[in-house]
Amino acid sequence: MALRLYNTLSQQVEEFSPAHDNLVRMYTCGPTVYDFAHIGNFRTFVFIDLLRRWLRISGFQLDHVMNITDVDDKIIRNASAQGKSLDEYTEIYTKAFLDDCAKLRLEAPEHRVAATKHINDMVAAIERLGAGEHTYASDGSVYFRISTFPQYGKLSHNDFSGNIAGARVDVDTYEKADARDFALWKAPKEGEPFWESPLGPGRPGWHIECSVMAIKYLGETLDIHAGGVDLIFPHHENEIAQSEALTGRPFSRFWVHSEFLLVEGQKMSKSLGNYFTLRDILEKHHYQPEVVRYLLASVPYRKQLNFTFDGLKSAATAIDRLRNFKLRLDTEQFPEGVNEQLSSRTTRACRAFHDGMHDDLNTAEALAAVFEYIRDVNSAMDSKEFRVGNVPGAVELLSLFDSVFDVLSPAPSSGTLLDSEVESLIAERTAAKKARNFQLADQIREQLLDRGIILEDTKSGVRWKRK
RNA sequence: GGCGCGGUAGCCAAGUGGUAAGGCCAAGGUCUGCAAAACCUUUACUCGUCGGUUCGAUUCCGACCCGCGCCUCCA
């Protein structure tokens, strides 16, 4: 079975492979750094991380570019309100974004590129578009003329043909020739920052950065372009228009879009005020970042995900179950030999996991394969049917799972006890238990719990874990 | 209005033309000094509604109802 992905362009699930060699050229839309990103934003970034990881597990190499939009109207407005330069202002939120990404264990893309570092490339591209008569200037700004790109609408599956023919208006009296035309280069208003250029002073429009940086780093045709569904129109539609007008080639073979995170049935967004940042959840609500990662990863990316604290709690418990299984696997003594039936059970579980992920990143199905396996193996451990020889297979399955979901190892927490300190307290408690001094034994257990250490008495001795 | 996504147990959620995965929660049980972990049992005669096709539909077709989103900045 091969990897299949839903392609917004064709509105179908298609088998994926890169156009050239084994290398996947992928571009994904990153954040606009005007504020802290919220977990709705991170749903998409977690999805992109899953996609990255699964592509590599599927045997492909990656060349992935993610942009950081560090100039736009909101940034300019907020920076000026705080009396900061653009750079001073965006540095704060760029750093916050990268910190959050690290907490959520998002792999770094091969290239992280900032819009303001590519102004010259953008100006050059706009000039080339102008030479092809795809642009016009108006009030010091430069616009893309959509009537020069007949395929406009092919991604969002909108038909604009009627619109464009009838709506032609006088360029001199209206800013834009057509309502659908969009700015490539924006003239500065009073007091706004700008770059000097042959186009006149100004700053780039939102869409041009992605086309220019994608083509610069990855070539004229990408294998995958990804982002949230709200970018389909107009952002990605406009990227296609610019890029294909520029190169005459298809801009991206696959377009994949993740659905929204909802809160109480509505889109999580800054403007509605119904949003949580990662910081909110970690600091105010005391969840581990892995819990957020798991929750966002566990619902398949094309399904809207209603965010609730019940959902977070449920994710936390599910992670505990997975970690407990790993702990048991790592610490328990098993009888010699190998149980062939369980070996083939492991093979089946691995295949089911692969099949689920290959099926348009169906994480729910992949997870089900893992949990079913864990239940069966726990049961086999209880009945002593699980043997030493079955350990490597089980470890392999867990590591396959964790190479995608990456939630098994807890984030290191500061100010806790050293392993040796824990071990010596456990020894003390074991001695107390032997002496049937259960009061002291329980006291030590409580004391450890206060320091984030959980003890479990098993037949083969005490095992412990960090909360 | 156009385009798109979705409606499956208390919650999250997979899925197939042949009679409903998985996770969480809840109840009971096994184990245990207690606790934890783990396991077992119970929990949708039913998959938004109404028709149609079929031996048989949650799964195909049609109509309708409801929720969310995009069409302006937005993951």
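In table form, for the structure just shown:
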read-out: Gain upon complete extension [residue A:324, residue A:382; 0.36 nm per residue less C-alpha separation]; value: 19.5 nm
read-out: Projected label distance in nm at residue A:285 and residue A:249, using a 7 Å step from Cα toward the beta-carbon; value: 4.5
read-out: Residue pairs, from the table A:84/A:117; A:95/A:465; A:95/A:189, whose Cα atoms sit over 26 Å apart; value: A:95/A:465; A:95/A:189
read-out: Residue A:331/residue A:127 FRET efficiency (R0 41 Å; Cβ-Cβ; nearest 0.05); value: 0.05
read-out: Label point 7 Å beyond Cα of residue A:402 along Cβ direction - residues of region A:357-376 with amide nitrogen under 16 Å; value: A:370-371, A:374
read-out: Residue A:428/residue A:466 FRET efficiency (R0 22 Å; Cβ-Cβ; nearest 0.05); value: 0.70
read-out: Nearest 10 degrees, 0 to 90: helix A:86-103 Cα axis against chain A principal axis; value: 30
read-out: Sites residue A:20 and residue A:57, calculated FRET efficiency, Cβ-Cβ separation with R0 30 Å, nearest 0.05; value: 0.90
read-out: Convex hull volume of region A:308-405 per residue (C-alpha atoms, cubic angstrom); value: 88
read-out: Taking chain A and dividing mean pair separation by its residue count, relative contact order in percent (alpha carbons under 8 Å, at least six apart); value: 15
read-out: Charge dipole magnitude, Cβ of K and R +1, D and E -1 - chain A, Cα centre, debye nearest 20; value: 1340
read-out: All-pairs Cα distance distribution in region A:250-356, expressed in whole percent, bin size 10 Å; value: 11, 29, 28, 20, 10, 2, 0
read-out: Ellipticity estimate at 222 nm from DSSP helix runs (n ≥ 4, -39,500 (n - 2.57)) divided over chain A, nearest 500; value: -14500 deg cm²/dmol
read-out: Per-peptide average of other Cβ atoms within 10 Å, ordering A:32-39, A:12-19 highest first; value: A:32-39, A:12-19
read-out: Gyration tensor (alpha-carbon) shape descriptor, region A:188-341, a/c threshold 1.5; value: prolate
read-out: Principal axis dimensions, chain A - Cα atoms, whole angstrom, descending; value: 95, 51, 37
read-out: Anchor residue A:467: aspartates and glutamates whose Cα lies under 14 Å away (excluding residues fewer than 8 positions away in-chain); value: A:290, A:320, A:419, A:446, A:450, A:456
read-out: Region A:4-258: radius of gyration and largest Cα-Cα distance (Dmax), Å; value: 18.4, 56
read-out: Kirkwood hydrodynamic radius of region A:189-231, Cα pairs, Å; value: 12.9
read-out: Cα radius of gyration and Dmax for region A:419-466 (Å); value: 9.8, 27
read-out: Gyration tensor (Cα) of region A:323-371, equivalent ellipsoid semi-axes in angstrom; value: 26, 15, 6
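Rule-based calculations on the coordinates, nothing more; no lab input. Remember, it's a predicted structure, so these values are computed and weren't measured experimentally. No Cβ is skipped: glycine too gets one built from the backbone with ideal geometry, and neighbour counts run over all protein chains shown.
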